[in-house]
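Read through the structure below, which is laid out as structure tokens, and then see the notes.
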Amino acid sequence: MSAHRGPGRRPGADRLRPARLSPADVLRVGSVGLRARRARVVLSSLGIAIGIATMVAVVGLSTSSRADLMQRLDRLGTNLLTAEAGKDASGREVRLPKSAVAMVERIGPVRQATATADVNAPIRRSAAVPEERTAGVTAQAARTDLLSALNTRVAKGAWLDRGRERLPVTVLGRVAAERLGITAPGEKIMMGDRYFVVVGILAPVELVPTLDRVALVGFPAAERYFGFDGHPTTVFERSTDASVEDVRAVLARTVNPGDQGSVTVSRPSDALAAKTATDKGLTALMLGLGAVALLVGGVGVANTMVISVLERRAEIGLRRAIGATRGAVRLQFLTESLLLSAIGGVAGAGLGVLATYGFALAQDWTPVVPPWSLAGGLAATLVIGVLAGLYPAARAARLHPTVALNAT
């Protein structure tokens, strides 16, 4: 007599069904192989760690560099324009009017204007040095308001004030002081045929780096000792940020109404901002190298998983023999691949952050690591883990229990 089936019970309802692994069981089973082969885990995940560390560090350092540049631009100001004398249609040097600064100051939005001028005065360390050995340092005349207009300062000593601008004294740019061997104010250098006392050394002039290589004297001193005619060579002006482009449009014809085509108008901050563009090529190259390292790491993980399947055929056969489904075996090895990649990804992200902070602090930058770079790096490791584990997992799932057990 067959057993009585209660109401609502269907035929086959009492058959056994494969047990499903909980997420905790999946992690435990997937980590068995990693715990048993720790040295191989470290070596296999190293490639992924290097790739992720490279990508995070490149993005972090690029972002930190750009943030530092933006801070410098904010500090220096982006509202500085320069008008420089060029050549006319016949190729002759143009001289700007002596009243160029006064005319620029009459432009409504202009807040400040100043000027420098080239001076014909060979510079030597002493009279014992031949005149042709100028050490790459040139002489320029400067107005007393130059420092405030350029938002720079004197690193050592003093600047040219109303009294000093008439005396045989000079202020050297940072590079000029190094080339002449001047380390402190009070020393003398030969300008033309007479000695000038160095009263100051400038800090680096970031907006106008050409001033780092010159020796500056006052306009009256240049006229008195070198026969300077008083015509400026370069005019600097600052206006309101909102009116920079408007001033730029009229600056050339204001500085030299008779021949505005011979005047070159530029915005020095554009040169600093252009540095971010030059960094893009290097950043792309480094990201490419990081991607290659990541690919190599993924191949290493795949290779490790294939070898693991070959070494653990007895384990796979035993699990299949006691009831593990192909899906459960496939999930085990796919989880193992993901864990292996995740270890490399987390380690690489940590190394990338440390490298970014270390280098940025060494360069006196504010370290910046975009959260998206970390999230993207970890997401890349998961993708690599899945791709690297698909074939080994499928291969393990296809092993027949009898074949796997007989292979031992």
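The values are calculated or read from the model by the stated rules, or taken from the named source; none is laboratory data. Quick caveat, the model's predicted, so the values are computed rather than measured. Neighbour counts run over all protein chains shown; Cβ positions are idealised from the backbone, glycine included. Accessible surface is based on the protein model in full, side chains and every heavy atom, while ligands, DNA and RNA are left aside. Shrake-Rupley method; radii C 1.70, N 1.55, O 1.52, S 1.80 Å.
If we restrict to alpha carbons, what Rg and Dmax does the stretch 91-237 come to, in Å?
Computed over the Cα atoms of the stretch 91-237, radius of gyration and Dmax are 14.8, 51 Å.
Grab the Cα-Cα distance for residue 229 and residue 120, subtract it from 0.36 nm times how many residues apart they are, and report the gain in nm with one decimal.
Taking 0.36 nm per residue and subtracting the Cα distance, the gain is 38.2 nm.
Can you tell me the FRET efficiency between residue 292 and residue 362 if r is taken as the Cβ-Cβ distance and R0 is 22 Å, rounded to the nearest 0.05?
Efficiency computed from Cβ-Cβ geometry: 0.25.
Would you rank 87, 156 by solvent-accessible area, highest first, keeping every protein chain in place and using a 1.4 Å probe?
Output order, biggest surface exposure first: 87, 156.
When ligands, DNA and RNA are left out and all protein chains stay put, how many square angstrom of accessible area per residue does the stretch 125-225 have with a 1.4 Å probe?
Dividing the accessible area of the stretch 125-225 by its residue count gives 45 Å².
Roughly how much of residue 201 is accessible, in Å² to the nearest 10, using a 1.4 Å probe?
20 Å²
Ordering 243, 126, 148 by how much accessible area each has at a 1.4 Å probe, largest first, what is the list?
Putting 243, 126, 148 in descending order of accessible area: 148, 126, 243.
Please list, by residue number, everything in the stretch 179-194 whose backbone N is under 15 Å from a paramagnetic label point 7 Å out along Cα→Cβ of residue 127.
The answer is 188-194, whose backbone nitrogens lie closer than 15 Å to the label point.
First compute the accessible area of the stretch 108-222 with a 1.4 Å probe, then give the percent of it belonging to carbon and sulfur atoms.
In the stretch 108-222, the share of accessible area belonging to carbon and sulfur is 49 percent.
With r as the distance between the Cβ atoms of residue 193 and residue 151 and R0 = 41 Å, compute the FRET efficiency 1/(1 + (r/R0)^6) and round to 0.05.
0.70
What dipole magnitude, in Debye to the nearest 20, does the stretch 176-215 give about its Cα centre under +1 on Lys/Arg Cβ and -1 on Asp/Glu Cβ?
120 debye
How far apart, in nanometres, would the label points at residue 245 and residue 67 be if each is projected 7 angstrom from Cα along the Cα-to-Cβ direction?
Once both label points are built, they end up 3.0 nm from each other.
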